[in-house]
Each structure stands twice: as C-alpha cells, then as structure tokens.
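Read through the structure below, which is laid out as structure tokens, and then see the notes.
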Amino acid sequence: MASDPSSSEELVLSFLAEAGDEFVSGEAISDKLGLTRAAVWKHVEALRAHGYRIDAVPARGYRLAGIPDRLTALELRPLLNTHDLGQVLHTYEELGSTSDRAKELADEGAAHGEVVVAETQTAGRGRRGRTWISPPRRNLYFSVVLRPDLPPARAAELTLVASLAICDALRQAGVDAGIKWPNDVLVGGKKIAGILTELAAEPDRVHWVVVGVGVNVNARVEDFPAELREEATSVAIERHEPAPRALFAAACLTALEGWIDVHAEQGFAPIRNAWRERSVTLGRQVLVRSDGREIAGVAEDIDEQGALLVRTPERVERILAGDVHLLRPR
Ligand code: BTN
C-alpha cells in the first residue's frame, strides 16, 4: 500500500536514525519536532511496539539500537535522503512482480520516482522470460517508475545507469561487485543482482520507464534452486553475515538517483566511462547469443549508445541485446 507523508512517529525515528550511535535528549527531540516530552515518549513506545530497539538512558536520552528487518515505509523513509526516488513508496508483503505493479501505477499516472517494494514475489521476472527467485524477507525486490526526458532510442541507457548504481551500492556494502554487459551484477563470476528495464513510449516520446531491481541480499545457498547454486550468490554469502536490508535499499535508491541525475545533466558519456571502470566484460573472450546467432570474440568496448562491441576474426560486431557468456580471461 502507498504510504502517507511522514507521521510524528516517523519524524522521531528519522531524528534517531540521523544521530546514528549517539544518544539524543528527549528535550532536543521535542524542541526540534515541536512535540511535548510525553508525546516523544509515546512515539518511542510505539516504535518499540513496531520492533525497533531504542535505548533510553536517564540524563542522556534515546539511542536507536536496532531496526526490524522489514521493508515498510516506516523503516525505509527515515533512511532516504533522495529528492525524488522513494518519496512515494508502495510497499507490499507479497506481489506477483513489483515491475508489473509499477507498470500499472505508471499507466495510472504515477509520478517520476515512485517505488514499489515487496517482501516476496510469486511471479518475479528476469530478462528473456526467465524467473527471478524471490524468497520472502531475504532479498530486495523493487521497481522504480521513471519519466525521463529522453527519446525512446536512448531509454536503454537507463539500464546501464541502474547497473552502475547497484554495483556502487554493493561495493559500499563491502562486496567486490562488477558488471557483465548489459546489466548483470556479478561477484566472483556469480550473479548477485539483476535489472529489468521496461518502457511505454510513442515514436518520439517516452511515457514511462520501469526499472526493476532484484538484489540477493540475505539469501542463503539453500534459498537458490540446485541448478543456480553455482551461478548465484548474495551479500550475506559473500560477507559471511547478513546485511540490514532497509539500509541497503536506501543505499540503492540514493545511488540510483545520483547516477540518474548525472545522466540527465551530462548525458551518456560519464555513464559510459563509469560503466567501463566497473565492467567485468571488457577485454574478455565472450560468447554472445543474440537474435538466434552465436558470436564469439573479444568484448572490446561499449559505444556511445551502450551497445557491446565484439571483435571477431572477421569484423567488429555491434550488439544491442543478447546474453553474454564470459569465456577464459584474455
Ligand atoms: C535479470 O537479471 O534477468 C533481471 C532480474 C530483475 C528482477 C527484478 S526483482 C524486482 C523486479 N520485479 C520483477 O519481476 N523483476 C524485477
């Protein structure tokens, strides 16, 4: 369901979240938020009832000691410092697919930056009709409605924008992620995140783009079907400890907004450079399946439109869509 603008309870939570490990006095909170001390206490109690751990120490005040591992607006909103992304949040316990819901909302007029998040998906979709494994309360599944000022031919650039953002959020979380063209995020050759970009457009105008992001955050090996166990990983598997999903979701949205702004203001060139720096594809011997063809060669670069350039013995092939298999290092 969509969430209303911040309540006093959320404001108290934001204040505590901003203070990090520090204590804040009840007086400071009541002065800042224009609440009585009794109201502050009431909100602290309500937050505790929602699963937040809040220390209260006489003469020092309150300190946020733990947030529940849930992805509702109450957890997410205080962590967001974005101007558009996630300012309207639609959070669900279960959906078929967050991207399907985001597309419906976009058709109904959802604004740029509205985000749909679900704790689990019963019909999570990957690229090329694949299924996206979506175990409940383990990972991150979200879709963002974007209304970019771009001709349809350039909308695919947003796929690379999103892969950069998710790669950066993973690196901030201590995971050595890289990008396989066009937008698979890998760690040690295993997939940790995927991005699905869909759009509605007229010949000269994009109505909306929905960027769907799935990140394996706390999935355990046994959460993946047997056939994927050698191919997929998660933040928890890589770091040997679970990650706080709400914090990670906020980091993804912040990074995504940052790169969307760079793209809107400076175009594709800085995206292309940043993507190249994070690529695990370029310089590698690859086999690309595209339009029923198999192309083997060396992935040399991406061009000004984000297409992959593969040098074969005969020519340089320009690939707009396809599946890339990384072969031996060059
Ligand atoms: C891929 O790598 O094939 C893309 C995977 C995209 C998965 C995400 S999970 C959130 C959103 N909802 C979906 O049904 N798919 C995307």
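The values are calculated or read from the model by the stated rules, or taken from the named source; none is laboratory data. Source: prediction; values computed, not measured. Neighbour counts are summed over all protein chains in view; Cβ atoms, including those assigned to glycine, are modelled from backbone coordinates with ideal geometry. Just so you know, the surface numbers come from the protein's heavy atoms only, side chains and all, with ligands and any DNA or RNA stripped out. Shrake-Rupley method; radii C 1.70, N 1.55, O 1.52, S 1.80 Å.
Before moving on, here are some points about what is shown:
- Kirkwood-based Rg to Rh ratio, the stretch 1-148, C-alpha trace: 1.06
- Its Cα centre serving as origin, the chain has a Cβ charge dipole (Lys and Arg +1, Asp and Glu -1) of approximately 860 debye.
- Exposure of residue 231 as accessible area (Å², to 10), given a probe of 1.4 Å and all protein chains: 110 Å²
- Assuming charge only on the beta carbon of Lys and Arg (+1) and of Asp and Glu (-1), the dipole of the stretch 5-66 about its Cα centre is about 180 debye to the nearest 20.
- Among 95, 260, 221 - extreme Cα towards positive end, dipole of the stretch 73-278, charges at beta-carbon: 221
- Rounded to 5, percent antiparallel among DSSP beta bridges of the chain: 85 percent
- Near the amide H of residue 286, within less than 5 Å, lie the amide hydrogens of 297, 298, 299, 327, all on another chain or at least 5 residues away, with H placed in the peptide plane.
- List 75, 230, ordered by accessible area with a 1.4 Å probe, largest first: 230, 75
- Listed residues 24, 57 arranged by accessible area, highest first, probe 1.4 Å: 57, 24
- Nearest-10 value in Å² for the accessible area of residue 52, using the 1.4 Å probe: 10 Å²
- Selection among 319, 309, 292 by position relative to the dipole of the stretch 285-326 gives 292 as farthest towards the positive end (Cβ unit charges, Cα centre).
- In the stretch 76-164, taking the dipole from charged Cβ atoms about the Cα centre, the farthest positive-side position among 85, 144, 121 is held by 121.
- Taking 7 Å steps out from each Cα toward its Cβ at residue 87 and residue 28 produces label points 2.8 nm apart.
- Whole-Hz ³J(HN,Hα) from phi, Karplus 6.51 cos²θ - 1.76 cosθ + 1.60, for the stretch 81-87, glycine and proline x: 10, 8, 8, 10, 5, x, 5
- Nearest-10 value in Å² for the accessible area of residue 64, using the 1.4 Å probe: 30 Å²
- Long-range HN-HN contacts of residue 268 with modeled amide H, under 5 Å: none
- Only DSSP H runs of four or more residues enter the estimate; each adds -39500 (n - 2.57), and after division by the residues of the chain the mean residue ellipticity at 222 nm equals -9000 deg cm²/dmol.
- Efficiency of FRET from Cβ geometry, residue 247 and residue 45, R₀ 22 Å, rounded to 0.05: 0.40
- Among beta bridges that DSSP assigns inside the stretch 187-324, antiparallel share in %, nearest 5: 95 percent
- The dipole here belongs to the stretch 119-252: it is taken about the Cα centre, uses +1 on the Cβ of Lys and Arg and -1 on the Cβ of Asp and Glu, and is about 140 debye.
- Euclidean distance between Cα centres, the stretch 116-185 to the stretch 22-84, Å: 31 Å
- Computed over protein heavy atoms with a 1.4 Å probe, the carbon and sulfur contribution to the accessible area of the chain reaches 49%.
- P(r) tail for the stretch 87-170: Cα pairs beyond 21 Å make up 34% of the total.
- Spin-label pair residue 172/residue 111, simplified geometry with 7 Å Cα→Cβ offset, distance in nm: 2.3 nm
- Solvent exposure of the chain amounts to 46 Å² per residue of accessible area, where only protein heavy atoms count and the probe is 1.4 Å.
- Theoretical gain in end-to-end length, residue 315 to residue 264 [0.36 nm per residue, Cα-Cα removed]: 15.0 nm
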